[in-house]
1. I'd like to check one number: the per residue accessible area of region 16-162, probe 1.4 Å, reported in Å² as a whole number.
2. As I understand it, the value is the acute angle between the Cα axis of helix 131-161 and the longest principal axis of the Cα atoms of the chain; what does it come to in degrees, rounded to 10?
3. How many percent of the accessible area of the chain is carbon or sulfur, using a 1.4 Å probe?
4. How far apart, in nm, are the 7 Å Cα→Cβ label points at residue 90 and residue 3?
5. Could you give the angle, 0 to 90 degrees to the nearest 10, between helix 63-84's Cα long axis and the longest principal axis of the Cα atoms of the chain?
6. Taking residue 83 as the anchor, which lysines have their alpha carbon closer than 28 Å to its alpha carbon, excluding any fewer than eight residues away along the same chain?
7. Using the alpha-carbon atoms, what tilt in degrees (0 to 90, nearest 10) does helix 36-52 show relative to the longest principal axis of the chain?
8. In nanometres, what is the gap between the two model label sites at residue 157 and residue 19, each 7 Å from Cα along Cα-to-Cβ?
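The values are calculated or read from the model by the stated rules, or taken from the named source; none is laboratory data. Note that this is a predicted model, so its numbers are computed, not measured. Because the Cβ atoms are built from the backbone with ideal geometry, glycine has one as well, and the counts that use them run over all protein chains shown. Accessible surface is based on the protein model in full, side chains and every heavy atom, while ligands, DNA and RNA are left aside. Shrake-Rupley method; radii C 1.70, N 1.55, O 1.52, S 1.80 Å.
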Amino acid sequence: MGLSYLGIFHTIIGVVAIVAAIISIIKSSKIDLGKVTGKIYFYCTLITSLTALGLSSIRGINPGHILAILIVALISVAFFLDKKKQGNNRSRLVENFFLSFSLFLSLIPTVNETLTRVPLGDPIAQGPTDPLISKILLILFILFIIGSVLQYRRQKSINKAK
């Protein structure tokens, strides 16, 4: 696959983050930073995003670096809201959205890198502009929108109940 040691570490930690997010969403209907899976998602995403800054076949700042910085900003604000703005309030709405959006953004390079590398020697997609990648990202975007609306409605009803 032509991955450096940093690339291998980055990939493993990134997969752990995505699996933790999916488990958290299945169990709690959101990425819950108060639970182990949410904490794993946060820390592994932070590490993955920071290591992404050291990975590039292009010199200088590129869209992947900007995406990584955006993800770090999103999860950092969500972490702050979780720690400093306790209780069921509007902060939970922002926190839920930022964590879900960070997951969606993390899936963009994940889908691209996976489909352009696997299987070895005959990857499923030929490059980032392959129509299959666009279709999968569109499906993920639609799922993100549906999930965000459901999380918003759920959190609004929790906020009203308290």
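1. 59
2. Taking Cα atoms only, the helix is inclined about 10 degrees.
3. Carbon plus sulfur share of accessible area: 70 percent.
4. Reported label-point gap for residue 90 and residue 3 is 4.2 nm.
5. 20
6. Cross-link targets: 27, 30, 35, 39, 156, 160, 162.
7. 40
8. 3.2
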